[in-house]
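For reference, the structure discussed in these notes is given below.
Every number in this text was worked out from the coordinates using simple rules, so none of it is lab data. Everything numeric in this text was worked out from a predicted model, so none of it was measured. A quick note on method: Cβ atoms are made from the backbone with ideal geometry, for glycine too, and the neighbour counts reach across all protein chains shown.
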Amino acid sequence: MNYPVINKLRKYFVILVTPCVTIASCSSPKKVYTIADAHSHNDYKNSIPFYRAYNDGFGSIEADVYAINGRLLVAHDEEEVTPQRSLKILYTDPLVEKLKQDTARRLRLLIEIKKDYTVTLPLVIEELKPLAQYLSYSGHPGRLSIVMTGKVPPPEVMTNYPDWMMFDLDHLDSTVYTKKQLAKVALVSLQFSLYSKWDGLSPIEKADVQRLKRIIDTVHALHKKIRFWDAPDVPACWVQLMKLHVDVIGTDHLDELAAFLKKKE
């Protein structure tokens, strides 16, 4: 199997990182995982969008959006969109309410661009104006981080957007990122099954662990956070990802992961 992401990331590793060879070779304290490290994948598919993950203490929540007739509608597939399921109704308005009440709460909102970013991103900028005081960016230590994922713009275009709007990549291609462009990347999200076919039930192969560790260490060497999607959504895999120091543990099973992490705490 070919693993192009690892090979491409090495290029950035050589250019941008000194002096440690890998994260594993640098001394760092052992991370203690909490519910704040949990990510509600496709949160809008839950029986109670936003509130269920938020009230459980999840530190990261994801919503997919389509830009339709000047509105951001939340759905995984375009045929599922309805006017009643907008980003404003499901996420923006509840965030305004909750962040005003919970003055210590921090959250990352991933907004997945399902189609044209040139249409979607201006709507996101307008949509999030009521949350301006809470947005986190350089020089403004807010409590809400906004990360755009999915069909994001190319690196040379990312810098045209507001400081608070960060981006998630599912790759780092052959284009060399400038320091300014790389600063707009908050997260690298990779498909687990490209690196391992493990089902989370049988023991994981040593070669898979080594392969996963290489890509995780390489992303960390760029001072970026990493998460995997498409990973087995079971406790054995959550434990393995934590052992490998994956930053964000995603799930579609909110109650189970919440109970698991709270038990560990």
*Filter the DSSP H helices in the chain by two things, a Kyte-Doolittle mean of at least -1.0 and an axial alpha-carbon span of 20 angstrom or more, and list the hits by number.*
206-221
_His223 paired with Tyr51, simple spin-label distance in nm, labels 7 Å along Cα-to-beta-carbon_ = 4.1 nm
_Distance between the C-alpha centers of the stretch 119-194 and the stretch 214-241? Whole Å please._
20 Å
_the chain - mean residue ellipticity at 222 nm from DSSP helices (-39,500 (n - 2.57) per run, n ≥ 4, rounded to 500)_ = -9000 deg cm²/dmol
*Extension reserve of the Lys98-Tyr137 stretch, reckoned as 0.36 nm per residue once the Cα distance is removed*: 12.1 nm
*Of Met165, Met242, Met148, which is the most mobile in a GNM of the chain whose springs link Cα atoms less than 10 angstrom apart?*
Met242
_I'd like the antiparallel share, as a percent to the nearest 5, of DSSP beta bridges with both residues in the chain._
15 percent
*Once both labels are modelled 7 Å past Cα along the beta-carbon direction, what's the Thr118-Arg85 spacing in nm?*
2.9 nm
_Distance in nm between pseudo-label sites at Ala236 and Asp163 (7 Å out along the Cβ direction from Cα)_ = 4.8 nm
